Amino acid sequence: MGFLSDLGKKTSETTGKIAKETKLKLKINDNKGKIEDVYEEIGKKVYEKHVREENIDIKTDLAEQCSKIDELSKEIEDAKLEILKLNQKKLCSKCSAEIEKGATFCPKCGEKQTEEPTVKEEALEKLENGEVAPGKEQEAQEVIEDLKEETKNDGE
């Protein structure tokens, strides 16, 4: 029964990961479409200015449109990073190639990769920097001690 339970759990996790990745890819495509629409609007405004042959100031309109593109591009980049994270991958710090999360060197350019802190190390750093909810100081101190012990044992 344990095997079937483990298999069901693994299948469920995989399905959830695939569903989340699909949603992120849909969001990326949607945002790319929105960016294309903004480009079209910019082109229309520039052409209208040309046709009217007036001294219409479109800089403010263009600035607004460009900031929309910046926001959508940021959302696309965040979604791509989330997909990498789901697949246990990261980007090379030099050439931006997609590589395994634990890779020491980039297989494409050979750049030595910096080690990313583990979740435990990040949590320990936050707690040590005082990022603790009011009234939870004692619990935080206990967690700090536990995390220090665990990270020390992980390193051995």
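The values are calculated or read from the model by the stated rules, or taken from the named source; none is laboratory data. Because the structure is a prediction, the values reported are computed rather than measured. Here Cβ is always computed from backbone atoms with ideal geometry, including for glycine, and neighbour counts include all displayed protein chains.
For the reader, a short list of remarks on this structure follows.
- Each residue in region 60-103 was checked for being among the hydroxyl-bearing types (Ser, Thr, Tyr), modelled with pLDDT under 90 and over 20 Å from Lys25 (Cβ atoms), and 2 pass.
- Scan of region 17-45 for residues that are under 18 Å from Leu86 (Cα atoms) and either surrounded by 15 or more Cβ atoms within 10 Å (Cβ to Cβ) or hydroxyl-bearing (Ser, Thr, Tyr) (or both), ordered by number: Glu21, Thr22, Leu24, Lys27, Ile28
- Scope region 84-113; condition hydrophobic (A, V, I, L, M, F, W, C) and touching a Lys or Arg at 6+ places or on another chain (Cβ under 7 Å); matching residues: Leu84, Leu86, Cys92, Cys95, Ala97, Ile99, Phe105, Cys106, Cys109
- Residue check for Glu13: modelled with pLDDT under 95, closer than 28 Å to Glu100 by Cβ and either in a loop (DSSP other than H, G, I, E, B) or of a type in the set (Asp, Glu) (or both): yes
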